[in-house]
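Values quoted throughout were computed directly from the atomic coordinates according to the rules given, and no laboratory measurement underlies them. Just so you know, these numbers come straight off a predicted model, no measurement behind them. Heads up, the Cβs are rebuilt from the backbone with ideal geometry, glycines too, and the neighbour counts pull from every protein chain shown.
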Amino acid sequence: MNETTGDDRSLPPALTDVARAGFDYDDGNRIDFEPYSTFCSAEETTDWLRQWTRNPELDGDAYRLFGQDGTGGLAALWYGRPGRPLAEQPVVFMGSEGQCGVVAGNLSDFLWMLADGYGPLETVLFGVDESRPDAALTALAERHATTPRRPARAIITEVRAEFPAFAEDIAALCR
């Protein structure tokens, strides 16, 4: 797919804080997301991508898996911008039933998506509607984000305009 800028498997501080925040979906949280405390290994990522696409020729070098939803769909930073740092790469979601899409243009925008009440699953499967702000996730985004706060709808519109063929490109890799 895309060439990476090294094999950085260190979770950025913002994602470490997201993992600590926790998302208890059963407790009324509207975001179905289980963040990991570390990135999945290169081997796990490659195994996952091969299973997801049924394509044994692929490797997972372009992805850093950092969380999942309750059904097993995975969120990842995707090296969609060659030569740029990991935090500037888009966040993508690949669902357990074959759904996929871009979620945010970079890690900062992903934090604003969470703050506005939308996780990877919700963004790709159901779309973005009205803002549903979360105070704790807003505080987390304010600590770490390097992009200005924007509503989830603006973030998703922007990233989908930049990467309009992501889902089709992934579908083309499937066997």
Residue match in segment 44-53 (condition: in contact with a helix residue (DSSP H, G or I) (Cβ under 6 Å, 6 or more places away or on another chain), under 27 Å from E168 (Cβ atoms) and surrounded by 18 or more Cβ atoms within 10 Å (Cβ to Cβ)): yes
Qualifying residue in segment 161-172 (condition: without any contact (Cβ under 8 Å) to a residue 40 or more places away in the chain, in a loop (DSSP other than H, G, I, E, B) and acidic (D, E)): no
Single residue of segment 56-99 satisfying the filter (closer than 20 Å to S41 by Cβ and of a type in the set (D, E, K, R)) that is farthest from the chain's Cα centre (by Cα): E57
Single residue of segment 141-175 satisfying the filter (farther than 30 Å from R54 by Cβ and touching a Lys or Arg at 6+ places or on another chain (Cβ under 9 Å)) that is surrounded by the most Cβ atoms within 10 Å (Cβ to Cβ): A152
Breaking point among (1) in contact (Cβ under 8 Å) with a residue 24 or more places away in the chain; (2) among the charged types (D, E, K, R); (3) in a helix (DSSP H, G or I), for R149: (3)
